[in-house]
Amino acid sequence: MRSDMTKEKQRLIDMLKENKISEADYKLLSAVIDKKPSRFSSIFSLCFNPFQKIAGFYALISGLMIIIGMSYLGKIGKFYSIGIVGCLNASVIKNPKVAPTFFLLLYQNLIVWLVVAFLFIMFAKIFQKKRLRLVDFFGTVALARFPFLILMIFLVIMRFASPSSMNIDLAKGLPLHPSIFMSLLSAVVILCFIWEIVTYFYALAESSGLVGKKLWVSFILALIFGEIITSPLSMIFF
């Protein structure tokens with residue numbers, strides 16, 4: 001955040017020197033940049049980009065704890081972790097070869113973490129020449145999984161609140177008029193999926209230093225290849 005403000009200030013200075021803006025315009029725009037954000041906006045920003053405050057080794061440790069927590073909660077809630085931004089209710093699988101145990105879910109979550117981190121590193125190496133710190137990538141990607149930790153907490157609560165609604169039988173088909181419970185569940189799942197993707201984006205941006213088209217191309221390609229790689233690997237025991 002601070003580095004972005006510094007870049008914007010330098011850009012204004014350059015524009016002033018090149019007579020592209022007046023002195024009055026410079027003072028006005030500079031004041032806007034220097035304006036301290038409100039507490040709400042700061043908290044909102046941290047929800048999507050916690051890497052402003054937590055990075056490196058601390059992000060790595062926090063992220064590993066999140067992965068362990070997700071795996072334990074997934075076991076309780078009976079949800080597999082499929083692909084980069086996917087989860088699967090165990091009740092929709094008839095006679096699964098392996099139940100959603102803690103170690104299976106830990107394997108699935110570790111696969112996602114490692115594959116995404118390595119892809120981010122690869123594309124950062126391709127598009128960026130400067131030296132990169134590997135701990136930043138592994139730390140930010142692990143920490144970026146926290147929206148799914150929140151999702152797992154919510155799913156566990158829903159499992160205990162209405163177990164019958166969480167046991168879905170696809171043979172009977174999906175209800176044409178879902179209940180308020182199911183509508184709420186679907187809304188939370190979709191929001192957490194979007195939240196997860198946005199957090200991944202900031203994880204790549206903060207760890208790689210990429211900007212503009214290079215950042216977007218790297219992010220989109222990493223998500224595509226990541227989903228192609230992680231989906232079959234996470235379902236290998238099914």
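Taking the Cα centre of the stretch 52-234 as reference, the dipole from Cβ charges on Lys and Arg (+1) and Asp and Glu (-1) amounts to some 360 debye. In whole percents, the pair-distance distribution calculated for the stretch 52-234 from its alpha-carbon pairs, binned every 10 Å from zero, is 10, 36, 32, 16, 6, 0. Under 15 Å from a point 7 Å along the Cα-to-Cβ line of Ser162: which residues of the stretch 186-207 have their amide N that close? Answer for the stretch 186-207: 186-189.
Between the C-alpha center of the stretch 147-168 and that of the stretch 190-219 there is a gap of 27 Å. For the stretch 52-234, the tally of Lys pairs with Cα-Cα distances below 19 Å comes to 11, considering only residues 8 or more apart or on different chains. Packing, as the average of other Cβ atoms within 10 Å across residues, places the peptides 161-167, 58-64, 110-116 in the order 110-116, 58-64, 161-167, highest first.
Read the figures in this text as sums done on the coordinates, not as results from a lab. Quick caveat: nothing in here was measured; it's all calculated off a predicted structure. Please note: Cβ atoms are built from the backbone with ideal geometry, for glycine as well, and neighbour counts cover all protein chains shown.
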